[in-house]
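S.K.: So that we are looking at the same thing, I have put the structure below in structure tokens.
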Amino acid sequence: MSQDTYPRELEPNPSIGELQRIVTGLRHYLEDERRRGLKGWPRTKTSPAALPSLLAQPGPQSPFTLDAVRTELGDCRRCKLHRHRQQIVFGTGNPQAKLVFVGEGPGRDEDLQGEPFVGLAGQLLTKIIQAIHLRREEVYITNIIKCRPPENRNPQPDEIAACEPFLIKQLAAIRPKLICALGTFAAQTLLKTEEKISSLRGHFHPYQGILLMPTYHPAFLLRNPGSKKDVWEDMKKIRREYDRL
Ligand code: SF4
């Protein structure tokens, strides 16, 4: 068990955990009110860096469900990416997945279909998942941002700041044991680092009590098939850890 995960059986007083959940729920309620224009509430910005603490809340029950997170996201216009999207691409798969794949953002096919990783890169991801004897339905697949950036450019800091809290809430709802970060952008955003994917990949990194394996993005593999062997090594490590759970 990770040091970041507080075991329920060691919790000194169960009422403290309950209190934490109430305080967290109250905080989110007040933040929603503030977004709706409540006057007089302090304009303190919710730091995405603080949100991962949601993932370390004690107890087996998450204070979130994926449906509730999707409802909260609504017809989101929190950043400028809403202007050109066809659909929000929230995520798909098992709501209790032990393994979550996180990519960068939707591309053209995903924007049209409303589902992550359905284009050529998505087909390759499906094969990668099958290669470790899992099905897409057994894992959960999502992205850092939920709307397609114009011309598939990299997401910008204000867009990440607006959207990443919803990824963190998705993870808090699912409570996976393993995350596979697909590509430079996902790995650097989650790990808050500027290290290259070539040095990040190949080993697990701690992420709020979850083991995170960065690896190359399937779109990169389509252009650089020689790197498939590296991804295979990473996936074998994920499978070994998956089997230990
Ligand atoms: S990218 Fe995220 S924050 Fe921006 S509009 Fe889409 S759902 Fe909202």
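The values are calculated or read from the model by the stated rules, or taken from the named source; none is laboratory data. Predicted model, so just to flag it, every value in this text is computed and none were measured. Cβ placement follows ideal geometry from the backbone for every residue including glycine, while neighbour counts extend to all protein chains displayed. The accessibility values were calculated without ligands, DNA or RNA, using every heavy atom of the protein model including side chains. Shrake-Rupley method; radii C 1.70, N 1.55, O 1.52, S 1.80 Å.
S.K.: Label GLU72 and ASN224 with points 7 Å out from Cα along Cα→Cβ: what is the distance between them in nm?
M.R.: So the label points at GLU72 and ASN224 sit 3.6 nm apart.
S.K.: Also, I was wondering about something else. If I histogram all Cα-Cα distances within segment 141-184 using bins 5 Å wide from 0, what percent of pairs lands in each bin?
M.R.: Cα pair-distance distribution for segment 141-184, in percent: 5, 19, 29, 26, 14, 7, 1.
S.K.: Starting from the 7 Å offset along Cα-to-Cβ, what nm value, one decimal, do you get for the label separation of ALA131 and GLN156?
M.R.: 3.6 nm
S.K.: Want the number for ARG240 to GLU195: 0.36 nm per residue separation, take away the alpha-carbon distance, what's left?
M.R.: Value of the extension gain: 13.7 nm.
S.K.: Pull up the cross-link candidates among the lysines for LYS177, meaning alpha carbon to alpha carbon under 17 Å and not fewer than 8 places away within one chain.
M.R.: Those lysines meeting the cut-off are LYS98, LYS169, LYS236, LYS237.
S.K.: So with the 1.4 Å probe, I'd like the accessible area per residue for segment 59-112, rounded to whole Å². All intermediate terms of the calculation are to be shown ahead of the outcome.
M.R.: Values: 2810 Å² over 54 residues.
That works out to 52 Å² per residue.
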